[in-house]
Ligand code: FDA
């Protein structure tokens, strides 16, 4: 095939947004490589073979944004359903509404509270510890929402997420713990929210469907880099530490394990996500994927549930959430310096969640790719020069 004008490493939302813009707006040829055997990065979804229910292989993905430009952009490729995300939690044999809101407080304390009564109660309980003095995650959480709500909804869940007692976790792991003094339990408060009508993979394929874009799957860039033209500019969305041969050390991540099961019943939990806050339940939550698409014609006698377990990532595990210890941040500083040099000398740009070691929601990955296109890539192709 003809020489590409740009190589994009990774076909997740970041890589595909860059590829789509360069192909459609600059009429340049883009070669997209992905080491996996499918497109789409972690947003990839597929029908569970027995039931046809769409499941998200790398964890549940809910689209939401308040960014007007991103919303306009994504609507070129897919329509969105009216799905509004809600989450519930089971603790000590009772089911509660999340995020912590007036319903949660009334249920937990088994009493009706007005907004101001609930506010006064939480303020009094949170007064036990001064936020500025909090020495660890537990103290910080108690200083924000008080001990009872912390023990019910935060302690066990956080301990399972981090495999670490909250008294051993840094206070900085949580910035805020918002409590809503209304009965509003919509999980996201963005202007736009919904799920792609035809599923995530159809959306991602639509982005890649351009005569100027060639996608090569099951192709690891590290294996083929020597065969690519040396001076072709590259957007790299793989792990930045791996790119630099772990020169400053490996960055820390948490990973998730998913256990998928088809059950011979029409409905397991009546909602898409149930958190399990008890310490002695080993998983953190259960997703029941049929509830993401109530508008679809799914089987009435079978359902798919996925139990989610959280742990530290080891070599070979999928990196999901950056841990971001002070050591990680020091390593990242060094990799950022190296990345700057690489942009100047070798025309390589780093982007996306792995390329920047940042948790990015989908709308953030897309927004950040659009900015890279505007600020770095378009000027490079229009005016020449380096990419930095
Ligand atoms: P992404 O990881 O998707 O893509 C990177 C690609 O690069 C991968 O396909 C990988 O195979 C490829 N690659 C890496 N190294 C390579 C190499 N050497 N050669 C070739 N290819 C290589 N967001 C949201 O908005 N709502 C949500 O509900 C969720 N939920 C969610 C749950 C979980 C468990 C996680 C971990 C994440 C989310 N997200 C989310 C975030 C969402 O997954 C994220 O925004 C996108 O994956 C970011 O896209 P990227 O393209 O940056 O990375």
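No value in this document is a laboratory result; all are computed from the given coordinates. Quick caveat, the model's predicted, so the values are computed rather than measured. Please note: Cβ atoms are built from the backbone with ideal geometry, for glycine as well, and neighbour counts cover all protein chains shown.
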(message) Can you sort 207, 372 from fewest to most other Cβ atoms within 10 Å of each residue's own Cβ?
(response) 372, 207
(request) Return P(r) of segment 1-119 (all Cα-Cα pairs; 5 Å bins starting at 0; whole %; ordered from short to long distances). (result) 2, 8, 11, 14, 13, 12, 11, 8, 7, 5, 4, 3, 1, 0, 0
(request) On a C-alpha basis, how far is the centre of segment 64-106 from the centre of segment 288-347 in Å? Whole number, if you could? (result) 19 Å
(request) At a temperature of 25 °C and a viscosity of 0.890 mPa s, determine how fast segment 43-98 diffuses translationally according to Stokes-Einstein, using the Kirkwood radius over alpha-carbon pairs as Rh; express D in µm²/s, rounded to the nearest whole number. (result) 171 µm²/s
(request) Could you run the Debye sum over the Cα atoms of segment 18-78, one equal point scatterer each and no solvent, and tell me log10 of I(q)/I(0) at q = 0.12, 0.29 Å⁻¹, two decimals? (result) -0.46, -1.17
(request) Would you mind telling me the antiparallel percentage of the DSSP bridges in the chain, rounded to 5? (result) 65 percent
(request) With a ≥ b ≥ c taken as the square roots of the eigenvalues of the C-alpha gyration tensor of segment 1-51, please select rounded if a/c is under 1.5 and otherwise prolate if a/b is larger than b/c or oblate if it is not? (result) prolate
(request) Report the Stokes-Einstein translational diffusion coefficient (µm² s⁻¹, integer) for segment 131-262, Rh taken as the Kirkwood radius over Cα pairs, at 10 °C with viscosity 1.306 mPa s. (result) 78 µm²/s
(request) Provide the three semi-axes, in whole Å and in decreasing order, of the ellipsoid equivalent to the chain as defined by the square roots of 5 times the Cα gyration tensor eigenvalues. (result) 39, 26, 19
(request) Determine by what factor the alpha-carbon radius of gyration of segment 294-388 differs from 2.2 N^0.38 Å, reporting the quotient. (result) 1.56
(request) Provide the three semi-axes, in whole Å and in decreasing order, of the ellipsoid equivalent to segment 334-388 as defined by the square roots of 5 times the Cα gyration tensor eigenvalues. (result) 20, 16, 5
(message) Can you give me the distance in nm between label points at residue 375 and residue 224, each placed 7 Å from the Cα along the Cα-to-Cβ direction?
(response) 3.0 nm
(message) Quick check on the exposure proxy: order 13, 292 from fewest to most C-beta atoms within 10 angstrom.
(response) 292, 13
(request) Using only Cα atoms, find the angle between the long axis of helix 326-346 and the longest principal axis of the chain, and express it within 0 to 90 degrees, rounded to the nearest 10. (result) 20 degrees
(message) Once you compute Rg and the Kirkwood Rh from C-alpha atoms, what is the Rg to Rh ratio for segment 262-321?
(response) 1.07
(request) Can you figure out the FRET efficiency of residue 136 with residue 103, using R₀ = 41 Å and their beta-carbon distance, to the nearest 0.05? (result) 0.90
(request) Let me know the volume per residue of the alpha-carbon convex hull for segment 112-183, in Å³. (result) 87 Å³
(message) With the alpha-carbon atoms as the only input, what is the per residue convex hull volume for segment 56-190 in Å³?
(response) 155 Å³
(request) Could you grab the relative contact order for segment 235-388? Cα pairs under 8 Å, six or more apart, rounded to a whole percent. (result) 30 percent
(request) Could you line up 187, 200 from fewest to most neighbouring Cβ atoms inside 10 Å? (result) 187, 200
(message) Please report Rg (one decimal) and Dmax (integer) in Å for the Cα set of segment 70-130.
(response) 18.1, 51
(message) Explain nothing, just the number: relative contact order of the chain, from Cα pairs under 8 Å at least 6 residues apart, as a whole percent.
(response) 24 percent
(request) State the volume of the convex hull built on the alpha-carbon positions of segment 232-359, expressed per residue in Å³ and rounded to an integer. (result) 153 Å³
